[in-house]
Amino acid sequence: MDYAERLTVPLRWWVQGTMLIATFWLAILAAVPPELEYIAWLATAVALALMGGVFLSYGSARVGVVDDELRAGRASIPLGLIGGARALDAEEMRRQAGVEADARAYLVLRPYLKRGVRVDIDDPRDPTPYWLLSCRRPDRVVAAVESARTR
């Protein structure tokens with residue numbers, strides 16, 4: 001394995017989600033009579049479980065270079081079919097995902113990660129022109145791709 005990264009949800013999302021659920025708990029607790037306050041606790045437990053499941057699922061995507069393949073989310077591509085990789089700063093990433101985007105591109109984007117990598121695809125049979133991947137360390141992803149391609 002040359003490089004691997006999991007695109008986990010940031011701590012601030014967990015804190016904000018927990019505060020939102022606590023607000024719902026308080027509102028339900030104020031709305032029901034004391035003998036039915038278990039409803040507030042039950043609803044809170046269900047909401048916390050749902051939030052945890054959604055955040056863990058959304059943050060489970062991985063980006064990495066493993067066994068001469070680039071893997072991103074559920075997809076993988078042999079490094080021999082990659083034309084090149086380029087690290088993008090926040091502004092370039094915003095443009096590539098916005099006004100300069102190609103609808104055929106494969107995207108693994110996370111709104112909490114501002115930087116990323118553009119990987120051009122050099123396969124005439126593949127209609128996907130490039131992959132656009134959010135990541136925390138785009139320079140390391142590019143270095144891993146280039147290192148694995150030269151081996």
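Coordinate-derived values only; no laboratory data. Since we're looking at a predicted model, the values are computed, not measured. Counting neighbours? That spans all protein chains shown, and the Cβs are built from the backbone with ideal geometry, glycine included.
Based on Cα contacts under 8 Å between residues 6+ apart, the chain shows a relative contact order of 25 percent.
Sorted ascending by nearby beta carbons within 10 Å, beginning with the fewest, GLU100, GLU37, GLU5 become GLU100, GLU37, GLU5.
Phi-derived couplings, Karplus 6.51 cos²θ - 1.76 cosθ + 1.60 at θ = phi - 60°, listed residue by residue for the range 123-129: 9, x, 8, 9, x, 7, x Hz, with x used for Gly and Pro. Note on THR18 and GLU69: the extension gain reaches 14.6 nm, defined as 0.36 nm multiplied by sequence separation minus the Cα-Cα distance.
Could you tell me which of ALA45, THR8, PRO33 has its Cα farthest along the dipole of the range 1-116 towards the positive end, charges placed at Cβ (Lys, Arg +1; Asp, Glu -1), taken about the Cα centre? Of the candidates, THR8 comes out farthest on the positive side. Compute the Cα gyration tensor for the range 63-150, then decide on rounded, prolate or oblate, letting a ≥ b ≥ c be the square roots of its eigenvalues: rounded whenever a/c is under 1.5, prolate when a/b is larger than b/c in the other cases, and oblate in all that remain. It comes out oblate by the Cα gyration axes. Per-residue Cβ neighbour counts within 10 Å put TYR130, TYR38, TYR3, TYR112 in the sequence TYR38, TYR112, TYR3, TYR130, beginning with the fewest. Put simply, the amide H of CYS135, placed in the peptide plane, has neighbours under 5 Å in ARG115, GLY116, VAL117, leaving out anything fewer than 5 places away on its chain. When each of the peptides 7-19, 136-148, 76-88 is scored by how many other beta carbons lie within 10 Å of its residues on average, the order from highest to lowest is 136-148, 76-88, 7-19. For a test of the definition: using alpha carbon positions, the gyration tensor, and the 1.5 limit on a/c, classify the range 3-58 as rounded, prolate or oblate. It comes out prolate by the Cα gyration axes.
The helix-only estimate of mean residue ellipticity at 222 nm for the chain, built from DSSP H runs of length n ≥ 4 each weighted as -39500 (n - 2.57), is -14000 deg cm²/dmol after division by the residue total.
State the Cα centre-to-centre distance between the range 101-151 and the range 28-70 in whole Å. Between the Cα centres of the range 101-151 and the range 28-70 lies a distance of 30 Å.
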